[in-house]
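Below: the structure, in structure tokens.
Bear in mind that the values in this text are calculations on the coordinates, not laboratory data. Predicted model, so just to flag it, every value in this text is computed and none were measured. Virtual Cβ from ideal backbone geometry, glycine too; neighbours counted across all protein chains shown.
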Amino acid sequence: MSHYYSKEVNLASKEETIIFHYRNHDIYFTSDNGVFSKQRIDYGSRVLLDAIDLNDSTHSLLDVGCGYGTLGISLKTIYSHLKVEMIDINERAVGLAQKGIVNNHLKEIKAYQSDLYGSVEGKFDAIVSNPPIRAGKKVVFEILEKAYDYLNENGFLMIVIQKKQGAPSAKKKMEEIFGNCTIVTKDKGYYILKSVK
């Protein structure tokens, strides 16, 4: 069974346009078969986006497991000063994220294929992720663990994860790695967790 946490997607393509209204902006995404939350922006990503409040000291952001670009493109649209990179293992997802960049006329933002952080260079002031739960706990924990090395001092990691899909263990893991983890918000079983380096 092919699912969205795969390098290649063998499903027939059937692209759809999603218009996402976020903080007084209409943002245009292209989705397709074989990517996460094909028909609408998923609730967890909405909760995470609503919880994020960036200040001027946040200059760079990495979206890990970006899918068709929900987090990175939305945040770049609102915070135009941000330099944004988006990564995903799924080739189709990366192509869709690249279309989203073009469709929303964004600059200083790029999407590229990367197996976890394998192709990432440099460090960031913020890392955000709606981690691929279906890929398993090992992959999710690797996203959390390796984030530390890709953050600048005082940079932060912020994720969304459902309680029933492991929010308590993710919080414990983030506390082990960073020495801190805050529950920023809870909404319908979704937890927004934040750790600062």
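Modelled label positions at Val184 and Ala12, each set 7 Å beyond Cα in the direction of Cβ, lie 4.0 nm from each other. Expressed to the nearest 5 percent, the antiparallel share of DSSP beta bridges inside the chain is 50 percent. Annotation: amide H-H contacts under 5 Å for Ile27 (H modelled 1.01 Å from N, sequence separation of 5 or more, or interchain): Phe20, His21, Tyr22. Within a Cβ distance under 14 Å of Phe29, other residues only, what is the Lys/Arg minus Asp/Glu net charge? Spelling it out: positives minus negatives among the neighbours equals -1.
Please order Ser13, Ser195, Ser60 by the number of other Cβ within 10 Å, starting at the fewest. Please list the in-between numbers first.
Working: Ser13 11, Ser195 25, Ser60 19.
Lowest to highest Cβ neighbour count: Ser13, Ser60, Ser195.
With both bridge residues required to lie in the range 97-193, what share of the DSSP beta bridges run antiparallel, to the nearest 5%? Numbers along the way, then the final one.
Values: 8 of 13 bridges.
The antiparallel fraction comes to roughly 60 percent.
Magnitude of the charge dipole for the range 16-196, about its Cα centre and with charges confined to Cβ atoms of Lys, Arg (+1) and Asp, Glu (-1), is about 620 debye.
Farthest towards the positive end of the charge dipole of the range 16-196, among the residues Ile183, Gly166, Leu151, is the Cα of Gly166, using unit charges on the Cβ of Lys, Arg, Asp and Glu.
Residue-wise HN-Hα couplings along the range 132-139, as the Karplus relation 6.51 cos²θ - 1.76 cosθ + 1.60 with θ = phi - 60° gives them from phi, are x, 4, 5, 6, x, 4, 4, 5 Hz; Gly and Pro carry x.
Can you give the local net charge around Lys99? Use residues other than it whose beta-carbon is closer than 10 angstrom to its beta-carbon, Lys and Arg +1, Asp and Glu -1. That works out to -2.
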